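The values are calculated or read from the model by the stated rules, or taken from the named source; none is laboratory data. Every value quoted in this text rests on a predicted model; they were computed, and no experiment measured them. Cβ coordinates were reconstructed from backbone atoms using ideal geometry, including for glycine residues, and neighbour counts include every protein chain displayed. Areas reflect the complete protein model, heavy atoms only, side chains present, ligands, DNA and RNA absent. Shrake-Rupley method; radii C 1.70, N 1.55, O 1.52, S 1.80 Å.
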Amino acid sequence: MAEDDLDDSELWPVPPAWLMACGQCTRLYQRMVEAREAVAEAELTTASTVDADPFDSGLSAQLALGQHMAREHAELLPDFEPACPRCTTCREDLERPAMSEGASDWAHTAAAEHRARHVLVPPVMTTLL
């Protein structure tokens, strides 16, 4: 598929300047890009029956960067997207009375990690996690 065939929801976002100002973000972002490129190359050069990313390195790299951003840069992450169904679920989880402090912490962490995905991946991929 040519890049011209992609719609805006499938395009990878340009990272914000604040992400590149953090050494850890830069390292994790580079790892994510390298994993994505390696998987894309493997998909082009291997049989269609072969898993091009058997260890989910592409997803793992995205998650590692998202976790770092949620821990260290939560105040810089975008607000929830009104049209994103996963954002709606995150907001609902945060509004629900917490059964425990652990459940509340989990909801805040999951919401921040999801908001980080809006910075890292194409919009079409944000509904997955």
In a loop (DSSP other than H, G, I, E, B), open to solvent by less than 60 Å² (accessible area, probe 1.4 Å) and within 17 Å of TRP12 (Cβ to Cβ) - does that describe any residue in the stretch 59-76? no
For the stretch 108-122, what are the residues that are open to solvent by less than 40 Å² (accessible area, probe 1.4 Å) and farther than 20 Å from ARG36 by Cβ? ALA110, ALA111, ALA112
Scanning the stretch 41-55 residue by residue, those open to solvent by 80 Å² or more (accessible area, probe 1.4 Å) and of a type outside the set (Val, Ile, Thr) turn out to be GLU41, GLU43, LEU44, SER48, ASP51, PRO54, PHE55
Pairs only if they're at least six apart or on different chains, beta carbon under 9 angstrom, first in the stretch 7-34 and over 15 Å from ALA70 (Cβ atoms) and open to solvent by less than 40 Å² (accessible area, probe 1.4 Å), second part of a helix (DSSP H, G or I) and among the aromatic types (Phe, Trp, Tyr); list them, first residue then second. PRO15/TYR29
In the list ALA107, ALA70, which residue meets the criterion of being without any contact (Cβ under 8 Å) to a residue 24 or more places away in the chain, of a type in the set (Gly, Ala, Ser) and touching an Asp or Glu at 6+ places or on another chain (Cβ under 8 Å)? ALA107
Look through TRP12, TRP18 and report the one residue that is on the phi < 0 side of the Ramachandran plot and modelled with pLDDT of 95 or more. TRP18
For the stretch 82-100: of the residues being open to solvent by less than 80 Å² (accessible area, probe 1.4 Å) and in a loop (DSSP other than H, G, I, E, B), which is farthest from LEU128 (Cα to Cα)? SER100
